[in-house]
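Please read the structure below before turning to the comments.
The values are calculated or read from the model by the stated rules, or taken from the named source; none is laboratory data. This is a predicted model, so every value here is computed, not measured. With ideal geometry, Cβ positions are generated from the backbone for all residues, glycine too; neighbour counts draw on all protein chains shown. Quick note on the areas: whole protein, heavy atoms, side chains included, nothing else; ligands and nucleic acids left out. Shrake-Rupley method; radii C 1.70, N 1.55, O 1.52, S 1.80 Å.
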Amino acid sequence: MTHISFADRMPTLDFTPNALKDGIGVVPLILMAGFADTSMAAGELVASGAVRIEGRPITDPDHHILSYAFDDGEVLRLTVGGKSTMLIRRAD
């Protein structure tokens, strides 16, 4: 029997350490995840309180996820609107 974890079935965005060097902005992240079609729409999602990272509300459109968030091999969960979820992880 093969064990498949919840994370194995969830859509995931992988970033190289170099891509995370200066951090990833929340608005571009929402666009990459496909949760908004434009930067303006992504910014509105953030401003309206619809965006959470690890359950914590993100309300600043200039928020960045910095590389140290992945130092322990952590996978972060991006949720938009309570139903759209994607994992963010560093690809080593």
Practice task
Could you point to the label whose value was computed as P(r) over Cα pairs in 10 Å bins from 0, in percent for the structure here, given (1) 12, 26, 34, 26, 2; (2) 17, 50, 28, 5, 1; (3) 14, 36, 21, 12, 11, 5, 0?
Solution key: (2)
Completion exercise
Carbon plus sulfur, as percent of the 1.4 Å-probe accessible area of the chain, comes to 51 percent
Practice task
Starting from the Cα-Cα distance between Asp62 and Met10, subtract it from 0.36 nm times their residue separation and give me the gain in nm to one decimal.
Solution key: 16.1 nm
Exercise for the section: Using label points projected 7 Å from each Cα along Cα→Cβ, tell me how many nm separate Asp37 and Val75, to one decimal. Expected result: 3.1 nm
